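*Asks:* The structure that follows is given in the form of structure tokens.
Where a number appears in this text, it was derived from the coordinates with a stated rule and is not lab data. Everything numeric here is computed off the predicted structure, so don't read it as measured data. When we count neighbours, we look across all protein chains shown, and the Cβ atoms used for this are built from the backbone with ideal geometry, even at glycine.
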Amino acid sequence: MNKENKLVLAIETSCDETAAAVVRNGREVLSNVISSQIELHKLYGGVVPEIASRKHIEKINQVITEALSTANVTLDDIDAIGVTYGPGLVGALLVGVAEAKAISYAKKIDLVGVHHIGGHISANYIEHPDLKPPFMCLVVSGGHTHLIKVKDYGEYEIIGRTRDDAAGEAFDKVARAIGLGYPGGPKIDQLSKEGNPEAIKFPRAHIDDNENDFSFSGVKSAVLNYINSCQMKGIEINKADIAASFQMAVVDVLVSRAIHATKKFNMDKLAIAGGVASNATLRNAMQIACETNGLKFYHPSPIFCTDNAAMIGVAAYYEYEKGVRHGLDLNAVPNLKFE
């Protein structure tokens, strides 16, 4: 193995996906194995932390073995182990962190802890060899909605964030309210294709003291109030119209804020990341807005938007190159701040 090539084994267990990947030189994904628990948690309408942790324990060794095998490497070829240590579900995170530390100790391989959001941003590097910092990134997921100035690899400045619900959280709650179940985001995206996005006028929140911040609790409440009002009056609701109108309200806000911030900070590149970044309506709207405003638009393929280990491997590589190393005292930090 040519040691000019740096290989990172990455582990991601922050929520309900057990994932492992091998990444070469921070850009080339040699393997990306994901064991999803969606079918299991569907029964409960959302992720049950205790079940997620137990499933990670069952799957983690298999997933790592498959990732190494698919990449045609062994642990002896690996230069560093990258692992998500926060934020996320504490029990789930602990499984990945413990596994990474055990391998690091047994094989004397350098250990690099990765922030989950840094991983999502880094997913954009996988398929876009021309993308280099600085650029603006909109991170939209079940737990986060952030506008982030990417100043350098692993160097970030948050310029906007949600004041209440994350966009993905609002999707899940609205999906539950109209009877679509879990996971809400993909189901609303699918159903909205059959609906009229102009059918119902839901609010678009504007934050007076920070034009880059978001708020989605208002639009979520407006949807719930609309449904309750229809039920009280005996009016049949059109689920597809509700899904399409709600989605458009969220997408309008995400796109307008992101474009405005990118131009305000004199950047010409805008990327999106996180689970909601796989939403087709958001991607299309952002593409059109970027073309209209003369900006280059970057987005990962859907498989790299949802939780995966390849993105963690990319983030870990750039941290490793900067000299970041973690000791065996690395711990899971469920509420890890992003700074």
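*Asks:* Taking H as built 1.01 Å from N, whose amide H comes closer than 5 Å to the amide H of LEU111, not counting residues under 5 places away?
*Replies:* ILE81, HIS326
*Asks:* Could you tell me how far the Cα centroid of the range 261-284 sits from the Cα centroid of the range 31-79, in Å?
*Replies:* Rounded to whole Å, the Cα centres lie 29 Å apart.
*Asks:* If neighbour count is taken as other Cβ atoms inside 10 Å, put VAL8, VAL97 in order from fewest to most.
*Replies:* Least crowded to most crowded, the residues run VAL97, VAL8.
*Asks:* Now for a separate question. Roughly how large, in nm² to one decimal, is the mean projection of the convex hull of the alpha-carbon atoms in the chain?
*Replies:* Projected area, direction-averaged: 17.3 nm².
*Asks:* Right, something else. Can you tell me the Rg and the Dmax, both Å, for the Cα atoms in the range 133-300?
*Replies:* For the range 133-300, the Cα radius of gyration and maximum Cα-Cα distance read 16.0, 56 Å.
*Asks:* Would you please state which residues of the range 41-85 a label at ARG176 would reach in this model, taking the label point 7 Å out along Cα→Cβ and a backbone N cut-off of under 19 Å?
*Replies:* Counting backbone N atoms under 19 Å from the label point, the list is 41-53.
*Asks:* Something else about it: To the nearest 20 Debye, how big is the dipole of the chain about its Cα centre, given +1 on the beta carbon of each Lys and Arg and -1 on that of each Asp and Glu?
*Replies:* 280 debye
*Asks:* Exposure proxy check: ASP189, ASP130 ranked by fewest other beta carbons within 10 Å?
*Replies:* ASP130, ASP189
*Asks:* Which GluC sites (Glu not before Pro) from the range 1-54 combine a DSSP loop assignment with at most 12 other Cβ atoms within 10 Å?
*Replies:* GLU4
*Asks:* Which aspartates and glutamates have a Cα less than 20 Å from the Cα of LYS322, not counting those fewer than 8 places away in the same chain?
*Replies:* GLU4, GLU28, ASP79, ASP110, ASP152, GLU155, GLU157, GLU339
*Asks:* Also: Once every DSSP H run of n ≥ 4 in the chain is given -39500 (n - 2.57) and the sum is divided by its residues, what mean residue ellipticity at 222 nm do you get, rounded to the nearest 500 deg cm²/dmol?
*Replies:* Here the helix-only value at 222 nm equals -14000 deg cm²/dmol.
*Asks:* If one takes the longest principal axis of the Cα atoms in the chain, at what angle in degrees, from 0 to 90 and to the nearest 10, does the Cα axis of helix 49-71 lie?
*Replies:* So the inclination is approximately 50 degrees.
*Asks:* Something else about it: Determine how many Å³ per residue the convex hull of the Cα atoms of the range 249-330 encloses.
*Replies:* 133 Å³
*Asks:* In addition: Dipole of the range 73-194, Cα-centred, from +1 at each Lys and Arg C-beta and -1 at each Asp and Glu C-beta, to the nearest 20 debye?
*Replies:* 340 debye
*Asks:* May I ask for the angle, rounded to the nearest 10°, between helix 309-321 and the longest principal axis of the chain, with both axes built from Cα atoms and the value confined to 0 to 90°?
*Replies:* For helix 309-321, the angle is close to 60 degrees.
*Asks:* Starting at 0 and stepping by 5 Å, how many percent of the alpha carbon pairs of the range 127-232 end up in each bin?
*Replies:* Spelled out bin by bin, the range 127-232 gives 2, 11, 16, 20, 17, 13, 10, 6, 2, 1, 0 percent.
*Asks:* If you take every DSSP beta bridge whose two residues both sit in the range 133-300, what share of them, in percent to the nearest 5, is antiparallel?
*Replies:* Of the beta bridges lying entirely in the range 133-300, close to 60 percent run antiparallel.
*Asks:* Report, to the nearest 10°, how far helix 280-292 tilts away from the longest principal axis of the Cα atoms in the chain, using its own Cα long axis and a range of 0 to 90°.
*Replies:* 90 degrees
*Asks:* Turning to a different aspect of this structure: Taking a spot 7 Å from the Cα of THR74 along the direction of its beta carbon, which residues of the range 1-39 have an amide N less than 16 Å from it?
*Replies:* Only 1-2 fall inside the zone, counting backbone N under 16 Å.
*Asks:* Report the trypsin sites (Lys or Arg not before Pro) located in the range 52-159 that are in a DSSP loop and have at most 14 other Cβ atoms inside 10 Å of their Cβ, or state none.
*Replies:* Of the trypsin sites (Lys or Arg not before Pro), the ones in loops of the range 52-159 whose Cβ has at most 14 other Cβ atoms within 10 Å are LYS108.
*Asks:* Starting from the Cα coordinates of the range 1-128, work out the convex hull volume and express it per residue in Å³.
*Replies:* Dividing the Cα hull volume of the range 1-128 by its residues yields 104 Å³.
*Asks:* Of VAL114, TYR298, GLY86, whose Cα points farthest to the positive end of the dipole of the chain (charges on the beta-carbon: +1 Lys, Arg; -1 Asp, Glu; origin at the Cα centre)?
*Replies:* Result: TYR298.
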